[in-house]
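The values are calculated or read from the model by the stated rules, or taken from the named source; none is laboratory data. Since we're looking at a predicted model, the values are computed, not measured. When we count neighbours, we look across all protein chains shown, and the Cβ atoms used for this are built from the backbone with ideal geometry, even at glycine.
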Amino acid sequence: MTDVTYTSWSIARWSEEIETRLSMAGSEPFINLNPDDAREFDAIFIGGGASGRFGAGYLSAMGGRPLIVDRWPFLGGSCPHNACVPHHVFSDAAAQLMLERTFSGRLWFQNLADRIVSIKEVVDMFRRGRNGPHAVMNYQSKEQLNIEFVLNAPAEILDAHTVAVAGRQFRTRNLVLASGARARKLDVEGADLSGIFDHASLVERLDYEPGSTVVVAGGGKTAIEYACFFNATGRRTVLVVRDQPLAMIKDRETRTYLLDRMREQGMEFWLHSEITRLEGDANGRVRSATVRTPEGETRIDTDFVFVAIGARPNSEMAVAALGVATDEKGFIRVDSRMRTSVPDVYAVGDLVGSPLEMFKARKGGMYAARNIMGEESHYHVKDYPDFLHTHYEVSWLGLGEEEARERYRNVVVLRMPPDTPDGHDVALPAGDRMMLYAMMAPRLSGFQKLIIDGDTRRVIGAFHVGCGAKEGFQYLAHLVKQGLTVDELGEMDELFLSPTYFIQLCRLRAGSKVLKGM
Ligand SMILES: Cc1cc2nc3c(=O)[nH]c(=O)nc-3n(C[C@H](O)[C@H](O)[C@H](O)COP(=O)(O)OP(=O)(O)OC[C@H]3O[C@@H](n4cnc5c(N)ncnc54)[C@H](O)[C@@H]3O)c2cc1C
Ligand SMILES: NC(=O)c1ccc[n+]([C@@H]2O[C@H](COP(=O)([O-])OP(=O)(O)OC[C@H]3O[C@@H](n4cnc5c(N)ncnc54)[C@H](OP(=O)(O)O)[C@@H]3O)[C@@H](O)[C@H]2O)c1
């Protein structure tokens with residue numbers, strides 16, 4: 001056990017210590033406890049990821065005493081270790097590579113035509129860099145947020161008020177379950193062969209350069225985002241999708257725009273299809289995937305299969321030890337105060353189910369802390385902005401056009417580029433980081449639409465494909481919830497060239513009593 005209570009390590013020192021612990025199985029835990037604080041813990045957080053760390057930080061800020069226990073030697077959880085952060089690294093790489101592929105041999109761009117670039121080098125680069133953020137989280141949690149913790153040791157729940165870790169037992173007034181989720185596995189023959197990865201094993205275990213064909217199972221965010229990266233590296237990329245891809249984007253026109261562009265960039269979508277068998281070579285590495293398609297079974301030769309078919313909650317220990325109620329998929333049921341079915345036991349983050357996103361994890365922790373500290377607070381997750389990365393950033397909020405038309409009788413749509421036969425050949429929308437596309441490949445310069453209820457003039461949906469608008473969407477979503485109208489949007493001051501044209505499009509139409517689309 002390494003007691004860090006009286007140390008004040010720099011970020012660089014934390015980075016070295018974390019690196020050492022990660023590279024050594026069975027390495028010592030870190031313990032940081034305040035011996036001068038005689039209070040019982042207000043909450044023990046099992047898991048120091050986004051939900052546990054933010055919950056503990058908030059509870060500490062409110063004057064409470066939290067303890068975090070995490071089996072990893074760092075705080076911050078899966079997001080910086082194997083989920084969001086690598087995905088953003090791969091998405092940045094995909095956007096850069098796709099730019100270079102699109103303009104190969106023009107201007108200063110190297111010729112990438114027919115060239116495959118390394119996946120392994122990008123994975124290795126991420127693995128070398130990820131301890132920096134980990135170290136910052138440990139430093140910040142200890143030195144700035146006064147959070148006590150035991151790291152690099154799994155917690156065992158003894159009862160709703162007692163946790164065992166690293167050979168010690170800790171008592172607490174409340175327990176907060178924050179142990180996250182893990183990737184689901186394919187349930188087919190050969191699923192355990194090497195060469196079959198999910199988002200976590202990819203960054204831990206990739207030790208060879210994948211060949212020229214990649215097979216991806218799934219059609220959700222993870223599948224699409226990683227497939228875009230694999231495709232951008234120059235590999236044949238086949239997505240095996242049980243139903244339809246991009247189902248989370250509730251606007252058909254936006255989905256079609258994206259899928260058309262991805263197909264043009266070489267991605268293959270095998271719809272209504274499933275992997276039925278994976279075969280290995282003499283070394284136990286996958287060598288082919290058999291896929292059932294509507295036309296029959298086909299075999300694809302590949303040494304690299306990426307599986308992204310959703311998440312399973314890490315709820316087994318809490319169910320066995322406490323009998324907390326779960327839904328049919330094992331996600332822990334909570335009320336709007338983040339309380340489980342067991343008194344004094346709360347649950348937050350991915351463990352409580354959809355949406356599995358950072359904002360919900362962090363806010364869930366914060367709401368649990370408030371309730372534990374006696375401030376009754378209810379969290380209802382709804383009407384949030386969302387996004388995904390292809391080689392574009394895609395952001396959306398509110399209703400898609402189809403649902404808007406079902407719910408409102410007078411729907412007005414403002415879109416860019418114009419919906420005409422040659423609309424997509426114009427150099428619009430143009431915005432930062434899309435200007436080369438706008439000038440040299442206008443078809444690829446992006447797409448956006450604003451959906452308005454023509455009667456109340458309120459914005460009810462917004463969709464953006466391109467780069468640079470994502471930041472704006474989190475503020476736009478807030479305004480839309482408050483009833484933002486086309487007239488109010490037209491009154492705002494745009495930072496021209498703004499990647500979304502919403503303000504200027506609204507200003508062009510706001511003068512008319514009867515709104516018309518464009
Ligand atoms: C590929 C991918 C990309 C993503 N990208 C994004 C994105 O761009 N934006 C976004 O908002 N969301 C993204 N997400 C979702 C986001 O990563 C999660 O919503 C978030 O990390 C959940 O936080 P959490 O605290 O619930 O769980 P985690 O961060 O997973 O934390 C759980 C913690 O519990 C610990 N733990 C588990 N069991 C025990 C035990 N017995 N004892 C001690 N510790 C234990 C684990 O070590 C871990 O640190 C992505 C997810 C994936 C899979
Ligand atoms: N914000 C981000 O950028 C980001 C990025 C990545 C992940 N995440 C979060 O992380 C979570 C996990 O992401 P995810 O993409 O893995 O999960 P997901 O969103 O739940 O999507 C799972 C996909 O796999 C398919 N599927 C399920 N079971 C299957 C099976 N047995 N065989 C074949 N396909 C199957 C589903 O198809 P059906 O539709 O037919 O069920 C769906 O297309 C998500 O909740 C997501 O919000 C966020």
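The table below lists the values:
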| quantity | calculated |
| --- | --- |
| Subset tally (residues that are away from ligand 1 (no atom under 16 Å from the Cβ) and hydroxyl-bearing (Ser, Thr, Tyr)) for the stretch 174-214 | 4 |
| Residue check, Pro429 at pLDDT below 95, away from ligand 1 (no atom under 16 Å from the Cβ), surrounded by fewer than 18 Cβ atoms within 10 Å (Cβ to Cβ) and assigned to a loop (DSSP other than H, G, I, E, B) | no |
| Matching option when the condition is away from ligand 2 (no atom under 16 Å from the Cβ) and more than 30 Å from Arg171 (Cβ to Cβ), among Arg101, Arg71 | Arg101 |
| Flag if Leu444 is buried (at least 20 other Cβ atoms within 10 Å of the Cβ) and either within 20 Å of Asp251 (Cα to Cα) or free of Cβ contacts under 8 Å to residues at least 12 places away in the same chain (or both) | yes |
| Hey, Val69 more than 18 Å from Ala227 (Cα to Cα), crowded, with 19+ Cβ neighbours inside 10 Å and in contact (Cβ under 8 Å) with a residue 40 or more places away in the chain or not | yes |
| Residues (within 16 Å of ligand 2 (Cβ to nearest atom), over 17 Å from Leu97 (Cβ atoms) and not hydrophobic (A, V, I, L, M, F, W, C)) located in the stretch 210-240 | Gly218, Gly219, Gly220, Lys221, Thr222 |
| Selection status of Leu99, within 24 Å of Met338 (Cα to Cα) and either of a type in the set (D, E, K, R) or not in a loop (DSSP other than H, G, I, E, B) (or both) | no |
| Some residue of the stretch 155-173 being within 26 Å of the chain's Cα centre (by Cα) and either among the hydrophobic types (A, V, I, L, M, F, W, C) or away from ligand 1 (no atom under 11 Å from the Cβ) (or both) | yes |
| For Ser179: the one exception among (1) among the small types (Gly, Ala, Ser); (2) outside any loop (DSSP other than H, G, I, E, B); (3) surrounded by 16 or more Cβ atoms within 10 Å (Cβ to Cβ) | (2) |
| Tally of residues being without any contact (Cβ under 8 Å) to a residue 24 or more places away in the chain and either part of a loop (DSSP other than H, G, I, E, B) or closer than 17 Å to Gly266 by Cβ (or both) across the stretch 108-121 | 5 |
| For Arg53: the one exception among (1) over 20 Å from Lys360 (Cα atoms); (2) charged (D, E, K, R); (3) within 13 Å of ligand 1 (Cβ to nearest atom) | (1) |
| Of all residues in the stretch 384-426 being assigned to a loop (DSSP other than H, G, I, E, B) and within 16 Å of ligand 1 (Cβ to nearest atom), the one that is farthest from Thr237 (Cα to Cα) | Tyr384 |
| Lone qualifier among Asp207, Asp260, Asp243 - being outside any strand (DSSP E or B), on the phi < 0 side of the Ramachandran plot and within 11 Å of ligand 2 (Cβ to nearest atom) | Asp243 |
| Number of positions in the stretch 28-53 that are touching a Lys or Arg at 6+ places or on another chain (Cβ under 7 Å) and within 16 Å of ligand 2 (Cβ to nearest atom) | 2 |
| In the stretch 1-20, residue modelled with the lowest pLDDT [restricted to those that are of a type in the set (A, V, I, L, M) and part of a loop (DSSP other than H, G, I, E, B)] | Met1 |
| Evaluation of Glu471 against (1) without any contact (Cβ under 8 Å) to a residue 24 or more places away in the chain; (2) surrounded by 17 or more Cβ atoms within 10 Å (Cβ to Cβ); (3) acidic (Asp, Glu) (one fails), failing number | (2) |
| The stretch 239-266 - residue that is farther than 23 Å from Thr213 by Cβ and without any contact (Cβ under 8 Å) to a residue 12 or more places away in the chain and, of those, nearest to the chain's Cα centre (by Cα) | Arg255 |
| Residue in the stretch 485-505 that is surrounded by the fewest Cβ atoms within 10 Å (Cβ to Cβ), counting only those that are within 12 Å of Leu450 (Cα to Cα) and at pLDDT 95 or above | Thr485 |
